[in-house]
Structures are given as structure tokens and as C-alpha cells.
Amino acid sequence: MTKNSLEGVEDYDGPAGGWGALKAVAQAVRGQMGVSSDTRALLQMNQPDGFDCPGCAWPDPKHASSFEFCENGAKAVTWEATAKRVDPDFFARHSAAELWTWSDHALEDAGRLTHPLRYDAASDHFVPIAWDDAFARIGAGMRALDHPDQAEFYTSGRASNEAAFLYQLYAREFGTNNFPDCSNMCHEATSVGLPQSIGVGKGTVTLEDFDLCDAIFCIGHNPGTNHPRMLSTLRDASRRGVPIVVANPMRERGLERFKSPQHPTEMLTPGSTPLASAYHLVKVGGDAAMLKGMMKRLLALDAIDHDFIAAETTGFETLRADIEALPWDEIERRSGLTRAAIESMADTYAAADRVILCYGMGITQHRHGTENVQQIANLLLMRGNIGKPGAGICPLRGHSNVQGDRTVGITEIPTEAFLARLDRSFGITSPRHHGHNAVEALAAMRDGAAKAFVGLGGNLAIAMPDPEACFAAFRNLDLSVQIVTKFNRTCLLAAKRDTIILPCLGRTELDIQATGPQSVTVEDSMSMVHASRGKLKPVAADLLSEPMIVARLARATRPDSPIDWEGMVADYDRIRDHIEQVFPDFADFNARIRQPGGFRLTVGASDRDWGGKDGKAHFLVAPTLDEDDGRDDGPLTLTTIRSHDQYNTTIYGLDDRYRGIFGRRDVIFANAEDLAALGLAHGDRIDVIAGERVLAGQTVVEHAIARGSLAAYYPEANCLIALGDYDGESGTPAYKSVAVSLRKAA
Ligand SMILES: Nc1nc2c(c(=O)[nH]1)N[C@H]1C(S)=C(S)[C@@H](COP(=O)(O)OP(=O)(O)OC[C@H]3O[C@@H](n4cnc5c(=O)[nH]c(N)nc54)[C@H](O)[C@@H]3O)O[C@H]1N2
Ligand SMILES: Nc1nc2c(c(=O)[nH]1)N[C@H]1C(S)=C(S)[C@@H](COP(=O)(O)OP(=O)(O)OC[C@H]3O[C@@H](n4cnc5c(=O)[nH]c(N)nc54)[C@H](O)[C@@H]3O)O[C@H]1N2
Ligand SMILES: [Mo]
């Protein structure tokens, strides 16, 4: 079968961006809002007085006047600002059993939630419940637990700093550090791995550094889809002649060429800007080998910064020994790249004085994700590429405020210093014992050790590996509370006693409290904190803001709480005053977020302050290159990816334009030579097998993907991954290296 004769599969020849992006924006607006004045909302996104884009965490140029929005930001906004509603009538018409048969796309596409709901088992319908009653039932459910550690408090990274701060306060006053959060599935390998290397678990660069760098490396991220505003930054760098070296198992158009919708001349001419100067199809899970190969070349050339290494680091000789002992044939076999290709990457790296290395989920979501991150840090440290202008490490964060949520206390492993300040600020005694991350929370729910779950956003049962295990875990609860904008499958998983859905305002919407309209704050992936203020009229009169919902949960759970919950939600400045008391880095918080552009939090490593006992940066050895850890479930390695029409578990549509997939998601991307070797052909219907687990009835599609590697869409492929399959150091699920085999579908 030729490529284009398969339904919904064609070659996509265009650049990223361009007219296709503008057309998609127009479609998104038509599909969700009708063409209305609300379209103006798009123009207020990431503007000085507007709201922060609910899409990705890529920073905005100074949050100043430049008008920057992107196709996927527009989709995120229109999805939230939709004219469609799921109101009590909707739930009267559709039973829970019927809704369960709907696709994830259909569930969310039905529209925004308008009223608080309770699941009524007798009728199998969700029915409206008054806010007061909802809070009272939840409060009673919480108080009925034998111990606060029987509750899990999940956070998805769209929550503002203010909402997240109140939320962690609520759970800690109640008595637990159980904070599973989306970061546990995302950049936990960064949060755990980088502090050991450079003293801080965040990126060290700012947007200005991209103007000064001499080379950029992009490893395991797909900005054309997931961080589209980054393409403007890469475009500017490419136009300055900066080499952009990519390592990714798949060819991604957003890393190859870009036609910028912000530049009329580029739009009106046939041209586009090339991005990657070199593109290496590293094997799925082969990054550590590749990075070690690059380091081996640097050592052979003696292209390392001896002064920096001597003055600022420890552990170099141990690392050198590890790398020198690793033979090239093993590096080639593990990485799927030739020695010559890896040496050319290293040579580009060595020729540049100032290098930025960007990475995403392709690095973190592996059984050795933490070690992968540390190999990146090693590579940068070898030539002093951290803590100087134009150089540094740049993890591409996930949700738009996942980094901020962490900063303001969403963590299951809090430090004593933080808890002491929190206690002082509020006159409470926080629990000292550590809590559950996402994997541990699901296990506790499955085993009956956890009985209550509160989700501040998100769709955890779909985001985690092994849906059947997750569904059972949620159904095993006594109390499930979902604070969401849209109804999703996790909402449908009824707990044994109470299942309560609390609809909240989205970030685009006006949030008016007792003292007037409120702003919230967020932190982007370059540690810039700034204000976000919604402008749109809320989709329903009955919605509460996230901070208000959390405050009322807290009051309902502990009616005699000494904390002034009501005062803080009346005026979010008061929440920020407390944030400032607890986190000294936020000094003058309320004044500084009123400055255009906000302010940057301290990132020690940006100034070569490495923290820690010895005050040094650390070279760290990765003891193994074995992503499979000796398991042998199949000869191929499958990775899971996002389509262009998707925001995590939210499926906007069924197209994946840049990869040439239209109207379907049931595809497995495969290498042509692998298919030939397996006796399979483009278009064959196949099942994917991982041990006992099967993803049946998929269609294989030939793609420029590394040999031995396959890719499938998340969340459909999550049934192939075991709950117990994660990075031992950080708990990040190994979503991006599943050993599988293929067989023809029956
Ligand atoms: N529009 C949109 N924006 C988003 C999101 C979204 O779903 N939609 N999600 C948000 C969130 S929460 C996150 S975490 C980020 C995710 O942003 P990304 O990290 O870009 O997300 P992914 O699509 O998971 O995969 C990234 C890339 O890794 C490559 N890859 C897969 N396996 C490997 C590997 O073993 N090695 C290497 N080197 N590369 C590999 C894939 O081919 C893919 O190009 O985006 C955020 N922004
Ligand atoms: N196989 C595989 N699995 C993965 C990944 C992968 O790459 N591969 N990636 C992982 C990653 S990086 C992440 S971050 C997780 C994502 O995990 P989550 O963050 O849990 O999932 P989302 O799909 O982002 O959550 C969508 C829901 O959030 C709610 N929502 C949207 N906006 C708001 C808001 O403003 N407020 C509130 N309260 N609710 C809102 C809506 O109801 C929507 O249904 O998935 C992980 N799962
Ligand atoms: Mo994420």
C-alpha cells in the first residue's frame, strides 16, 4: 500500500505554523465558540493585563506588547471558553453507564460544567447538589477517615499559585503530605535529578539567553505541538546562524521548518525558516548512551573546561572513568546512532562557547529518567555551560503552572525548613512524615489504604499507566471529589459512598470576590512569576474559583480552623502575603507582580551558586544503560506521544497534522525496515503486545522513526504500561519505553 492510499494518512509537506496553523485556529474558534466577540480573548492571552495562556509553560517575551499566541494556545482557550454546556439537563438525559461508552473526546467536547454534581447510584445519574451540601458532605467524609493519610490530594498543573498554596495548606492542616501531582508523571526526574547535579530542580536559562547562545540542542521534546511559542525563539536563533541539533526518535516537523504566523512577509512567500541543522533519530530510550558517547568524544578531544571543572565541580574523575570504559560498539547499539553521528554532535557542541540544551518527556519518562537528566547536566558541566550568559539547561515544562505549584508547596517530600515557616505563618502543626506521590497514591487506593481522593484539576485515572488498575483504584474509594472545568472519565469513576464534582472557573474567566476582581499568579518554565487575570464572563453563574473551593473545603473539613480562609479568598493579595512569609524568595510579592512582566525567582545555578554542603556542582555516573533492566517482553521499544490536536487527556480533535494523520488515532508509527523484517506492511492491522497486555486493532504506519522504535498515542496506549513500571529514583512512569512485539490482528 502506498502511503497516501491509507485512509487518514498522508505525507505532510508543509512547514510547522504557516497558514495551516491559522486555519486550525479559525476552526477551533468556530467549533467551540461560534464567531463572537469572545474571539478577542485570544488577543488578551499572555498580555500585560490579560490571562496566562492555559496551554504550555513557555515564557512570553517580557510579557510586554508583542502579540504572541499560537495555534495550540488558541485551542486551549476556545476549549475552555466554549459556548457548549453540560448542565443538569444533560446529566438527566445521559446516565453514567451511557457516558462511560463515550470517547474521551466526546465527554469533554460536550462542554463546560455549570453546576456542582453528586453521583446518585440508585438512578445511575449525576444529579445537581447545592454547594453548601456538597461541602458539608465532603467535610463529613474527610472527618470520618481513621487518619488524614487516608486522603490523597492530587494537583494538576493548571492550578494557580494561590489555589495551590491554599490547597497544600488545607491538606497539611488536615494532617497529610499526600500530594500526588501531575509533575510526578512529567518532570519529576528533573525535580529529583537536577538538585543532585546542580543544586536546583529547575531550568537555568531565561529567554534572553537564547539571544546569546552559539548552539542549541533539542532532545526528546516536540515544540511544534507542545510548546509552539518556542518555535519563534528557535526561528530567531536559526536566522542568526545558530546550529540547532535535534535528537528524537521521530522526525517532527516542528523541529524541522517553521513559517511564522507573526511575520507577514514569511506568510506571503513560499519560504519557511529551517530549524534543525542536524537531526538524529536516536533510538527510543537510547539517550543516555548518546549523551555518554558525546562525552566520550569531548574527553578524547580534551575539549573540556578544565578550569571550570576544577573550581566548580566534584566527581569528574569518576565520570571520566565510567565513560572511558564504555565501548563505542555498545554506545552505537544502545543509541541506534553511528559513532560518526554522535561525534559530529559532540563536535558541534565543542565548537560553541555557549550552549543551551532543551529537553522534554523523551528524557524524563523512562525507567532511568533521573539518570538521563543527570547525563545532560554532565554534558553541560563538562564545558562550563551552566551559569553563564547564553548557556544552560532548559527543561520544557508541562502544564502552564506545574512549576509554580511545586514552588508554593505541592510536594509529598516537604523540607523541614518549609514546614516550619508554614506553621509559623498560620499557627498550625503540619505533619512531618512524607506522603504519597502519584504512583504511591494509586497503589494506596487500590489496596484500600487510601479512601478519599480530591483532584484539583486533571484526569488522573486516564493519565496514569494501566487504566484497569486505575479504574479499580478509584472505584475502591469511599469519597471522590473532582474540581474540574470539564467532565472527564475520572469523574465517572464512582466511589463507594460519595462522588462529587465541583465545577470551577477557568483561567480565562473573571474572578470576582468580596473585594473585587482578582488576579492569580503563575510561574513559567524559566522561573518568571507574573499575574494572570481572566476577562471573560464565567460560563455559568454558579461557578466558584479554585481558591474559593479550596477555602470552603477547608472550612467544611475543620469548622474550627484558626486559619482565616474567608479573609484570604476575599482578597488574593492576602494569600500572596502568606506566600511571601513562607517563601522568602517572593519578597514584595504583591508589588512585584504589579510590574509588567513580573519577576524571576532565584535559580542559584544560574549564578553558579550550587547550594548543597560542598557548594559544588556534581558529575554523576549512570550505572546502567539498560532501559529494559533485563526484562524481555518484546524486541521493539514503544514510546507514547501527544498528537497535535491534544492536550494531555483532553482530545481536541482526531488530526495530527504535522505527522500526516487525519481523523484517527488508532495508529502505530513504525520504521519501514522493521516492518519488512517482521513481514508487515504499511497499513496492516496489528495488535501490540507487552507481556500480558494487549493494545488490539491498531494500524501500522510507516514513519521516519529510529529502528527498533515504535510510537503510539497517549492515553490510548496506557493499557500497555504497568503501574509498577517507573523510574525508581523519581517515580516517573516509564511511559516512553515499553518493550513490545507486534502481531497481525485477528
Ligand atoms: N498542545 C499541547 N501542549 C502541551 C501538552 C499537550 O498535550 N498539548 N502537554 C503539556 C505537558 S503536561 C507536557 S509534559 C509537555 C510535553 O511536551 P513534550 O515533552 O514535547 O511531549 P511528548 O509528546 O510526550 O513527547 C516529546 C517528544 O519526545 C520524543 N521521544 C519519545 N521517546 C523518546 C526517547 O526515548 N528519546 C528522545 N530523545 N525522544 C523521545 C517524541 O518523538 C516526541 O517528539 O507539553 C505541554 N504542552
Ligand atoms: N502514556 C503517557 N501517559 C502520560 C504522559 C505521556 O507522555 N504518555 N504524560 C503525562 C504527563 S506529562 C502529564 S502532565 C499527565 C497529565 O495529567 P493531568 O494533568 O491529570 O491531565 P489533563 O489531561 O491535563 O487534565 C484534564 C482535565 O483538567 C480539567 N481542567 C482543565 N482546565 C482546568 C482548570 O483551569 N482548573 C481545573 N480545576 N481543572 C481544569 C478538565 O476537567 C480536564 O478534563 O499525563 C501523563 N500521562
Ligand atoms: Mo506534563
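Miscellaneous remarks
- Checked against the criterion of being within 16 Å of ligand 2 (Cβ to nearest atom) and in a loop (DSSP other than H, G, I, E, B), the range 449-457 has at least one qualifying residue.
- Hits in the range 448-468 (condition: among the aliphatic types (A, V, I, L, M) and open to solvent by 20 Å² or more (accessible area, probe 1.4 Å)): Ala449
- Under the condition of being more than 16 Å from ligand 3 (Cβ to nearest atom) and in contact with a Ser or Thr (Cβ under 9 Å, 6 or more places away or on another chain), the residues counted in the range 726-742 number 6.
- Cβ-Cβ contacts under 7 Å between residues 6 or more apart (or on different chains), taken from a first residue in the range 451-469 that is farther than 18 Å from Lys496 by Cβ and modelled with pLDDT of 95 or more to a second residue that is open to solvent by 20 Å² or more (accessible area, probe 1.4 Å) and within 16 Å of ligand 3 (Cβ to nearest atom), are listed as Gly457/Arg158; Ala463/Asn648.
- Taking the conditions (1) open to solvent by less than 20 Å² (accessible area, probe 1.4 Å); (2) assigned to a strand (DSSP E or B) in turn, Val694 satisfies each one other than (1).
- Matching residues in the range 1-41 - criterion: being closer than 30 Å to Ser525 by Cα and at pLDDT below 65: Met33, Asp38, Thr39, Arg40, Ala41
- In the range 242-260, the condition of being among the acidic types (Asp, Glu) and within 13 Å of ligand 1 (Cβ to nearest atom) is met by at least one residue.
- Filter pass, Thr639 being over 23 Å from Arg172 (Cα atoms), within 16 Å of ligand 1 (Cβ to nearest atom) and touching a strand residue (DSSP E or B) at 6+ places or on another chain (Cβ under 7 Å): yes
- The range 679-698 residues that are farther than 25 Å from Ala722 by Cβ, paired with ones that are open to solvent by 30 Å² or more (accessible area, probe 1.4 Å) and not in a loop (DSSP other than H, G, I, E, B) (beta carbon under 6 Å, 6 or more apart): His682/Glu702
- Checked against (1) touching a Leu at 6+ places or on another chain (Cβ under 8 Å); (2) open to solvent by 70 Å² or more (accessible area, probe 1.4 Å); (3) within 28 Å of Leu396 (Cβ to Cβ), Glu324 passes all but condition (3).
- Failed criterion for Leu654 (all others in (1) away from ligand 1 (no atom under 16 Å from the Cβ); (2) open to solvent by 20 Å² or more (accessible area, probe 1.4 Å) hold): (1)
- Output for the range 473-531, where each listed residue is outside any loop (DSSP other than H, G, I, E, B) and of a type in the set (Asp, Glu): Asp498, Glu509, Glu523
- All of (1) open to solvent by less than 10 Å² (accessible area, probe 1.4 Å); (2) more than 21 Å from Ile323 (Cα to Cα); (3) modelled with pLDDT of 95 or more hold for Val402 with one exception: (3).
- With respect to (1) away from ligand 1 (no atom under 12 Å from the Cβ); (2) small (Gly, Ala, Ser); (3) in contact (Cβ under 8 Å) with a residue 12 or more places away in the chain, the lone exception for Gly220 is condition (1).
- Filter result for the condition that a residue is more than 26 Å from Glu10 (Cβ to Cβ) and either out of contact with any strand residue (DSSP E or B) (no Cβ under 7 Å at 6 or more places or on another chain) or modelled with pLDDT of 95 or more (or both), over Gly679, Gly663, Gly724: Gly724
- Considered as a group, the residues in the range 74-111 that are under 21 Å from the mean Cα position of the chain (by Cα) and closer than 19 Å to Val539 by Cβ include one that is modelled with the highest pLDDT, and that residue is Glu108.
- Residue match in the range 337-349 (condition: within 16 Å of ligand 2 (Cβ to nearest atom), touching a residue at least 24 places away in the same chain (Cβ under 8 Å) and surrounded by 20 or more Cβ atoms within 10 Å (Cβ to Cβ)): no
- Residue within the range 645-664 that is in a loop (DSSP other than H, G, I, E, B), within 16 Å of ligand 3 (Cβ to nearest atom) and closer than 29 Å to Thr190 by Cα present: yes
- Hey, Ser519 modelled with pLDDT under 95, farther than 21 Å from Phe135 by Cα and outside the structural domain of Thr204 (by TED's automatic domain parsing) or not: no
- Against the numbered list (1) over 24 Å from Asp109 (Cβ atoms); (2) at pLDDT 95 or above; (3) open to solvent by less than 10 Å² (accessible area, probe 1.4 Å); (4) touching a strand residue (DSSP E or B) at 6+ places or on another chain (Cβ under 8 Å), Cys491 comes up short only at (1).
The values are calculated or read from the model by the stated rules, or taken from the named source; none is laboratory data. Because the structure is a prediction, the values reported are computed rather than measured. So basically every Cβ, Gly included, is an ideal-geometry build from the backbone, and we count neighbours across all protein chains shown. Side chains are part of the model used for accessible areas, which takes the heavy atoms of the whole protein and leaves out ligands, DNA and RNA. Shrake-Rupley method; radii C 1.70, N 1.55, O 1.52, S 1.80 Å.
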